[in-house]
1. Do we find that residue 119 is out of contact with any Leu (no Cβ under 8 Å at 6 or more places or on another chain) and farther than 23 Å from residue 6 by Cα in this structure?
2. Which of the residues belonging to region 114-133 are of a type outside the set (Lys, Arg) and over 13 Å from residue 165 (Cβ atoms)?
3. Just checking, which of 47, 31 is in a strand (DSSP E or B) and touching a Pro at 6+ places or on another chain (Cβ under 7 Å)?
4. Quick test for you: out of 174, 198, pick the one residue that is under 22 Å from residue 10 (Cα atoms) and either touching a Gly at 6+ places or on another chain (Cβ under 6 Å) or aliphatic (A, V, I, L, M) (or both).
5. Hey, could you check region 121-161 for residues that are among the aromatic types (Phe, Trp, Tyr) and farther than 11 Å from residue 178 by Cα and say which is nearest to the chain's Cα centre (by Cα)?
6. What number of residues within region 123-152 are crowded, with 20+ Cβ neighbours inside 10 Å, in contact (Cβ under 8 Å) with a residue 24 or more places away in the chain and not small (Gly, Ala, Ser)?
7. Can you tell me how many residues within region 185-214 are more than 17 Å from residue 150 (Cα to Cα), of a type in the set (A, V, I, L, M) and open to solvent by 10 Å² or more (accessible area, probe 1.4 Å)?
8. Considering (1) under 20 Å from residue 205 (Cα atoms); (2) crowded, with 18+ Cβ neighbours inside 10 Å; (3) touching a residue at least 60 places away in the same chain (Cβ under 8 Å); (4) not polar (S, T, N, Q), say which one residue 2 fails and leave the rest.
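The values are calculated or read from the model by the stated rules, or taken from the named source; none is laboratory data. Because the structure is predicted, anything quoted here is derived from the model rather than measured. FYI the Cβ positions are ideal-geometry reconstructions off the backbone, even for glycines, and counts take in every protein chain you see. Please note that ligands, DNA and RNA were not included when accessible areas were found on the heavy atoms of the full protein model with its side chains. Shrake-Rupley method; radii C 1.70, N 1.55, O 1.52, S 1.80 Å.
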Amino acid sequence: MKLSNETLTVLKNFASINSGIEFRSGNFLSTMSPGKTVLAKAELNDTIPDSFCIFDLNQFLSVHSLFKDPDLVFDDYNVIFESGGSKTKYRKTAKEMIITPPDKDLSLPSVDAEFKLTEDTFAALMKSANVLQSPNISVESDGEKIFVTCYNSKDDSAHTYSTEVGESTNVFKAVFLTENWKMIPGTYDVKISSRGLAEFNHTTQDVDYWIAIEAKESKFGE
């Protein structure tokens, strides 16, 4: 098999969530952060012919980059990268050596707010969070408008950046760790549950993320 550019983009993103990954035969791929605060799932353009696990996905991708459009073949113990007359045998790992997501799909227990996060807004938010070194992102509504803000929940004097993203009749504040917003760039349909979870659906790629809300700092209702 070969890995398309779209699949490589997904793999690079998933490597930022968890260094270990389980490839399952078929065209779906999922990963979960070690702290179980981020779950991601993608439908790939490529079909994976074999199920196997990789301990260090970043290294796996670095090996792939050593070749120009390599073929991947499999034996019982290795993924073999082949191009021209060269090849690299890359060792598979045992499933118990990595953290894997649950087999069943995740669904929100309720939807208490939803809005569209555009690609430009998402990019500006993440750039601002990086420049301001903001450890938190909040999605907040006063019962009329929804704002997304990067800030420090433990320091009222810290710098902030905020932008309007929608409308809601509900009053709420959902707080996230910035480090958990590791989505592929793009526009997202966002749904938030008061039960401590948010869902981000990419509008042009088949990639979905579920991100935990910081329960102690969030509130829903007056």
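1. Working: out of contact with any Leu (no Cβ under 8 Å at 6 or more places or on another chain): yes; farther than 23 Å from residue 6 by Cα: no.
So residue 119 fails the test.
2. Matches in region 114-133: 123, 126, 128, 129, 130, 131, 132, 133.
3. Values: 47 fails: touching a Pro at 6+ places or on another chain (Cβ under 7 Å).
It is 31.
4. Numbers: 174 fails: under 22 Å from residue 10 (Cα atoms).
Of the residues listed, the single one that is under 22 Å from residue 10 (Cα atoms) and either touching a Gly at 6+ places or on another chain (Cβ under 6 Å) or aliphatic (A, V, I, L, M) (or both) is 198.
5. Start the filter on region 121-161 by keeping residues that are among the aromatic types (Phe, Trp, Tyr), which leaves 122, 147, 151, 161.
Imposing the further condition that a residue be farther than 11 Å from residue 178 by Cα reduces the set to 122, 147, 161.
Numbers: 122: 13, 147: 21, 161: 22 Å.
By that ranking, first place goes to 122.
6. 7
7. Total satisfying the criteria: 1.
8. Just one mismatch for residue 2, condition (2).
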